[in-house]
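The values are calculated or read from the model by the stated rules, or taken from the named source; none is laboratory data. In this text, all values refer to a predicted model and were calculated from it rather than measured experimentally. Virtual Cβ from ideal backbone geometry, glycine too; neighbours counted across all protein chains shown. Side chains are part of the model used for accessible areas, which takes the heavy atoms of the whole protein and leaves out ligands, DNA and RNA. Shrake-Rupley method; radii C 1.70, N 1.55, O 1.52, S 1.80 Å.
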Amino acid sequence: MIIRYPQEKEKLALLKAGDIVEFEGVIYTARDAAHKRIQEYLEKGKELPVDFKDSFIYYAGPTPTKPGKVIGSIGPTTSSRMDPYADMMNTLGVVATIGKGPRSNECTKKYINHHLLYFVTTGGCGALLSKAVQEAEEIAFLDLGPESIKRLYVKNFKMIVAIDYEGNNLFKGR
């Protein structure tokens, strides 16, 4: 299924675990260090440098960009490292996260309760995934290097629904 987001936001409700999606729209990168810093900002009541409402967050930290390219290789990182921040995704108004691998049972329950989607991409395909990135801009926490927050505009970004709105889980029983 092709989803142009946010124009076709209603299609998200149709997704089932195992569906393959070609995504077009904006996604933000944020990994461990960025998640930790966002949590600190929230705890201190500091204003965030990014409004994540209705956004997709991709657990990725791209490699350096080569001359003439938009971005370096941008494969997913292991999502379970971000499990402690599942409630924070709801607080931020995030719609979905993208990474690799299963989520803990506790995290999965939070995703279901908070009405969040979880997508996976294939680790080791970072160079291929980078071809879907049409625009890339480093927008926050630049001191974190590859783990800074980047705003990406992607087209034909392939991913698989791992946890859908009904709680179906691609990894259940594995």
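Applying the condition of being open to solvent by less than 50 Å² (accessible area, probe 1.4 Å) and of a type in the set (D, E, K, R) to region 146-174 and asking which residue is nearest to Gly25 (Cα to Cα) yields Lys150. Would you confirm whether or not region 49-69 contains a residue that is of a type in the set (Gly, Ala, Ser), open to solvent by 30 Å² or more (accessible area, probe 1.4 Å) and without any contact (Cβ under 8 Å) to a residue 40 or more places away in the chain? Yes, the conditions are met somewhere in region 49-69.
One residue stands out among those in region 117-143 that are in contact with a helix residue (DSSP H, G or I) (Cβ under 9 Å, 6 or more places away or on another chain) and closer than 18 Å to Thr78 by Cα: the one that is most open to solvent (accessible area, probe 1.4 Å), which is Thr122.
Criterion first (of a type in the set (A, V, I, L, M, F, W, C) and either closer than 30 Å to Lys44 by Cβ or free of Cβ contacts under 8 Å to residues at least 12 places away in the same chain (or both)) does Cys125 satisfy it?
Working: of a type in the set (A, V, I, L, M, F, W, C): yes; either closer than 30 Å to Lys44 by Cβ or free of Cβ contacts under 8 Å to residues at least 12 places away in the same chain (or both): no.
It is false that Cys125 is of a type in the set (A, V, I, L, M, F, W, C) and either closer than 30 Å to Lys44 by Cβ or free of Cβ contacts under 8 Å to residues at least 12 places away in the same chain (or both).
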